[in-house]
Amino acid sequence: MKVRVITPIRVGAEEVRRRQERYDRLAPAGWEIHVEDLPDGPDSPRELGNRDQIAASERIGLAAGRETDPERFDALLPDCVLDPSLRDLDAASPVPVLGITRLSAHLLAALGIRFGVVTRNETIAEEYRAVMERYGLGEAFQGAYVLGLSVEDISDHATWNEAVIDAARRAHSEGVTVLVNGCSAVEVVFDELDVRVVDPTALALRTAAFSTSEQLAG
C-alpha cells in the first residue's frame, strides 16, 4: 500500500523530514507513506490561523491531490485533522482518499465513546467543531480545549505535551474521559493522565489498514 500524504500548510524541507519520520514509525506493515509539502506559491499558507488560510489550504491541497498519480500511489491522505476538501477530493482524486478525522472520529463514535479535542488555536477548534457536525458526530463530540500555541510549537513535543497535560486536567474536571490530539503531526508521549489522549493519525492508519486487510477499501 503506497500512500501519498500532503501537508496542509507549506512547512519546508526540515519539517517534511520530521513528519516523514513520524509516518515511517506509524506506517502499518507493508505500507509505504510518502510525505509531500504543500506546493509553494504566494497563496500557500504557512499556518492555519484564520479562515482565509484554511480556505487557501483546502483549495491548494485539492488542486495538488487531484493530480495524484495512480501508477505511483494507492491512496491519498491530507495530513490534517480537519480533513481539508475531503468531499471534493473523494470526487476528484484518481485514488481512494483517507481522512484522518473521518476514520478516527467515526471509530470512536461507533464504539460509543464521547470525546473532546485539543487544538492549537481557536480557529482550528471552530473548524473541528464544523467537521464534527458535517460528519453527523455532534452528539459524540464534547468540545474543544484550545492550547494557545504557535505553529512552531508543532515540532516542539515538550511544549506541546505540557500544554496538553493542562488541557487534559481541565477536561477531566468537566467529565471528559477521551481527548483527540488535534494535530496530525504531533506525538503525545505521556500515559499517566485521567484522560485518554488519542493520536488520530495513528488510529486512522490502523483503521485504514484493517479495512484493506478485510478487502473493504484500497
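Look at (1) polar (S, T, N, Q); (2) in a helix (DSSP H, G or I); (3) modelled with pLDDT of 90 or more and you find that residue 142 fails only one, number (2). Here is the figure for the range 125-160: residues that are surrounded by fewer than 19 Cβ atoms within 10 Å (Cβ to Cβ), out of contact with any strand residue (DSSP E or B) (no Cβ under 9 Å at 6 or more places or on another chain) and over 15 Å from residue 102 (Cα atoms) total 11. If you check residue 100 against the conditions, is it of a type outside the set (Gly, Ala, Ser) and crowded, with 17+ Cβ neighbours inside 10 Å? Yes; evaluated as a whole, the condition is true for this residue. Only a single item in (1) touching a strand residue (DSSP E or B) at 6+ places or on another chain (Cβ under 8 Å); (2) over 28 Å from residue 31 (Cα atoms); (3) surrounded by fewer than 18 Cβ atoms within 10 Å (Cβ to Cβ) is not met by residue 90, and it is number (2). The set of residues from the range 154-177 being assigned to a helix (DSSP H, G or I) and either farther than 26 Å from residue 112 by Cα or not assigned by TED's automatic domain parsing to the domain that holds residue 113 (or both) comprises 154, 155, 157, 158, 159, 160, 161, 162, 163.
Within the span defined as the range 42-52, one or more residues are closer than 19 Å to residue 152 by Cα, touching a helix residue (DSSP H, G or I) at 6+ places or on another chain (Cβ under 6 Å), modelled with pLDDT of 95 or more and aliphatic (A, V, I, L, M).
All told, residue 102 falls short of being within 17 Å of the chain's Cα centre (by Cα) and without any contact (Cβ under 8 Å) to a residue 24 or more places away in the chain. Here 112, 143, 148, 138 are screened, and the one residue that is over 23 Å from residue 16 (Cβ atoms), in contact with a helix residue (DSSP H, G or I) (Cβ under 7 Å, 6 or more places away or on another chain) and small (Gly, Ala, Ser) is 138. Filtering the range 23-33 to residues that are closer than 29 Å to residue 126 by Cα and surrounded by fewer than 20 Cβ atoms within 10 Å (Cβ to Cβ) leaves only 26. Return the residues of the range 178-201 that are surrounded by fewer than 20 Cβ atoms within 10 Å (Cβ to Cβ) and either part of a helix (DSSP H, G or I) or among the basic types (Lys, Arg) (or both); say none if nothing qualifies. Passing the criteria: only 196. Take residue 175 and tell me if it is among the small types (Gly, Ala, Ser), loosely packed, with under 14 Cβ neighbours inside 10 Å and out of contact with any Gly (no Cβ under 6 Å at 6 or more places or on another chain). It is true that residue 175 is among the small types (Gly, Ala, Ser), loosely packed, with under 14 Cβ neighbours inside 10 Å and out of contact with any Gly (no Cβ under 6 Å at 6 or more places or on another chain). Here residue 2 passes the criteria (1) at pLDDT 95 or above; (2) out of contact with any Asp or Glu (no Cβ under 7 Å at 6 or more places or on another chain); (3) surrounded by fewer than 17 Cβ atoms within 10 Å (Cβ to Cβ) except the one numbered (2). Just one residue in the set 77, 111 is closer than 17 Å to residue 208 by Cα and surrounded by 15 or more Cβ atoms within 10 Å (Cβ to Cβ); that residue is 77. What do you reckon, is residue 207 outside the structural domain of residue 49 (by TED's automatic domain parsing), in a helix (DSSP H, G or I) and out of contact with any Lys or Arg (no Cβ under 8 Å at 6 or more places or on another chain)? Spelling it out, residue 207 is indeed outside the structural domain of residue 49 (by TED's automatic domain parsing), in a helix (DSSP H, G or I) and out of contact with any Lys or Arg (no Cβ under 8 Å at 6 or more places or on another chain).
The values are calculated or read from the model by the stated rules, or taken from the named source; none is laboratory data. Only a predicted model underlies this, so the values are computations on that prediction, with no experimental measurement involved. Don't worry about glycine lacking a Cβ; one is built from the backbone with ideal geometry, like all the others, and counts go over all protein chains shown.
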